[in-house]
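*Asks:* Dropping the structure in here first, questions after.
The values are calculated or read from the model by the stated rules, or taken from the named source; none is laboratory data. Everything numeric in this text was worked out from a predicted model, so none of it was measured. Neighbour counts run over all protein chains shown; Cβ positions are idealised from the backbone, glycine included. What goes into the accessible areas is simple: the full protein's heavy atoms, side chains included, and nothing from ligands, DNA or RNA. Shrake-Rupley method; radii C 1.70, N 1.55, O 1.52, S 1.80 Å.
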Amino acid sequence: MANEIKTIGVLTSGGDAPGMNAAIRAVVRQAIANGKKVKGIQRGYAGLLQEEIYDMEKQDVSDIIQRGGTILQTARCMEFTTPEGQQKGAEICKKHGIDGIIVIGGDGSFRGAQKLAGLGINTIGVPGTIDLDISCTDYTIGFDTAVNTAMEAIDKVRDTSTSHERCSIIEVMGRGAGYIALWCGISNGAEDVLLPEKYDYDEQRLVNNIIENRKRGKKHHIIINAEGIGHSTSMAKRIEAATGVETRATILGHMQRGGSPTAKDRMMASLMGAYAVDLLCEGKSNRVVASQGGCLVDYDIDEALAMTKTIDEYEFQICNNLSK
Ligand code: ADP
Ligand code: F6P
């Protein structure tokens, strides 16, 4: 093959997600199994621009499949959003003999990968974000672990909320997307769930729900609030004033991004990482790995970035029906 890939670079970019290490491990071992060299790039595009690049062997990814975070570190890099930064990045890849690069991250990271592809470096994106907000794929690495972490934390808040007969507003991550909030809403049996995609800012409805539930004898009232709506602390003050029910806000924050990945995240990361290597070996570039209906597929990055997805209407309806 004229343009055969000999050396694959791998980096993690944007917010870390549990399972990224399993994906790195899969990339390294699948590439070596296919006779390729692997170079790890530290700290995402920032590390690429600083030439923080090192050779990776099979043993470099030993004992990481079970670990949260990313051994390659991750970063957000403004310089790489400029044409000059992207040109420099492509030149550094060529200097280090990197002819294919696998970018594990979210939409933003894929935009960077798209630019590198345009500059002659074969690139493949692997969806890694707890937010589940990448439109072309049913699954993103890290979501299952994050949602389980949040669910367990919310169960704990519920214990104390019930004991004190309080209302608790619990804010979960997700940036502009409400997937973690929706899953927690259903899995934790929350009384109200506020999703950025659906919220109508009708606080009187929340107040009425709390008062109604008190009359029915409910001892707690759990409101899951998505980060994309935010303002949980001020919302708690207003709700307490309007209902007379003691109300506390808990912002779960970055604990949702840490911890040992679940079996689902290890499995999906292993499959997606290996699939990305296979795509490069087939000579493909500017593609994103995706899971659709339980199968691995790949999309053109331009096409993938133009797609949209939103909250499933049926799941949202079920969430509301079951909270009553
Ligand atoms: P995520 O990949 O999780 O969506 P970000 O949106 O923070 O995270 O993007 C991660 C990094 O990807 C950014 O810090 C930047 O270096 C790079 N990036 C984002 N958007 C672009 C773009 N339009 N062009 C080039 N690089 C980009
Ligand atoms: O994209 C993952 C995520 O954790 C989002 O849910 C959140 O909005 C954001 O990253 C937080 O970013 P940072 O780590 O920069 O505070």
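*Asks:* Out of all the residues in the range 61-90, which are within 19 Å of residue 38 (Cβ to Cβ), away from ligand 2 (no atom under 16 Å from the Cβ) and open to solvent by 80 Å² or more (accessible area, probe 1.4 Å)?
*Replies:* 63, 67
*Asks:* Can you tell me which residues in the range 91-119 are away from ligand 2 (no atom under 16 Å from the Cβ) and among the β-branched types (Val, Ile, Thr)?
*Replies:* Of everything in the range 91-119, those that are away from ligand 2 (no atom under 16 Å from the Cβ) and among the β-branched types (Val, Ile, Thr) turn out to be 92, 98, 101, 102.
*Asks:* Can you tell me which residue is least open to solvent (accessible area, probe 1.4 Å) among those in the range 120-141 that are away from ligand 2 (no atom under 16 Å from the Cβ) and of a type outside the set (A, V, I, L, M, F, W, C)?
*Replies:* Across the range 120-141, the extreme among qualifying residues is 123.
*Asks:* Return the pairs, sorted by first residue and then second, in which the second residue is in a strand (DSSP E or B) and surrounded by 22 or more Cβ atoms within 10 Å (Cβ to Cβ), the first residue lies in the range 216-227 and is small (Gly, Ala, Ser), the beta carbons are less than 8 Å apart, and the residues are 6+ apart or on different chains.
*Replies:* Partner pairs satisfying both residue conditions: 226/171; 226/172; 226/194.
*Asks:* Name every residue in the range 150-175 that is outside any helix (DSSP H, G or I), open to solvent by 50 Å² or more (accessible area, probe 1.4 Å) and away from ligand 1 (no atom under 16 Å from the Cβ), in order of residue number.
*Replies:* Hits for the range 150-175 are 164, 165.
*Asks:* Report, by residue number, each residue of the range 10-31 that is aliphatic (A, V, I, L, M), more than 26 Å from residue 91 (Cβ to Cβ) and more than 16 Å from ligand 1 (Cβ to nearest atom).
*Replies:* If the condition is that a residue be aliphatic (A, V, I, L, M), more than 26 Å from residue 91 (Cβ to Cβ) and more than 16 Å from ligand 1 (Cβ to nearest atom), then 22, 26 are the ones that fit.
Here's the yes/no breakdown for (1) of a type in the set (D, E, K, R); (2) touching a Ser or Thr at 6+ places or on another chain (Cβ under 7 Å); (3) touching a residue at least 12 places away in the same chain (Cβ under 8 Å):
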site: 231; (1), (2), (3): no, no, no
site: 256; (1), (2), (3): no, yes, yes
site: 260; (1), (2), (3): no, no, yes
site: 302; (1), (2), (3): yes, no, yes
site: 311; (1), (2), (3): no, no, yes
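*Asks:* Oh, and also: Could you count how many residues in the range 1-47 are at positive phi and free of Cβ contacts under 8 Å to residues at least 12 places away in the same chain?
*Replies:* 1
*Asks:* Hand me the list of strands (runs of 3 or more DSSP E) wholly inside the range 49-149 holding 1 or more residues that are at pLDDT 95 or above and within 13 Å of ligand 1 (Cβ to nearest atom).
*Replies:* So the answer is 100-105, 122-127.
*Asks:* Restricting attention to the range 288-317, report how many residues are open to solvent by 80 Å² or more (accessible area, probe 1.4 Å) and among the polar types (S, T, N, Q).
*Replies:* Residues in the range 288-317 being open to solvent by 80 Å² or more (accessible area, probe 1.4 Å) and among the polar types (S, T, N, Q): 3 in total.
*Asks:* So, of the residues in the range 2-19 that are of a type in the set (A, V, I, L, M, F, W, C) and in contact with a helix residue (DSSP H, G or I) (Cβ under 7 Å, 6 or more places away or on another chain), which turns out to be nearest to ligand 2 (Cβ to nearest atom)?
*Replies:* 17
*Asks:* Of everything in the range 209-226, what is hydrophobic (A, V, I, L, M, F, W, C) and open to solvent by less than 20 Å² (accessible area, probe 1.4 Å)? Give them in sequence order.
*Replies:* 210, 222, 223, 224, 226
*Asks:* In the list 3, 21, 34, which residue meets the criterion of being over 16 Å from residue 125 (Cβ atoms) and open to solvent by less than 10 Å² (accessible area, probe 1.4 Å)?
*Replies:* Unique residue meeting the criteria: 21.
*Asks:* While we're looking at this one, here's another question. I want to confirm something. Restricting to the range 227-286 and keeping residues that are within 16 Å of ligand 2 (Cβ to nearest atom), assigned to a loop (DSSP other than H, G, I, E, B) and not aliphatic (A, V, I, L, M), which single residue is most open to solvent (accessible area, probe 1.4 Å)?
*Replies:* Looking at residues that are within 16 Å of ligand 2 (Cβ to nearest atom), assigned to a loop (DSSP other than H, G, I, E, B) and not aliphatic (A, V, I, L, M), I get 231.
*Asks:* Among the residues in the range 313-323, are any modelled with pLDDT of 95 or more, among the hydroxyl-bearing types (Ser, Thr, Tyr) and in a strand (DSSP E or B)?
*Replies:* Scanning the range 313-323 turns up no residue that is modelled with pLDDT of 95 or more, among the hydroxyl-bearing types (Ser, Thr, Tyr) and in a strand (DSSP E or B).
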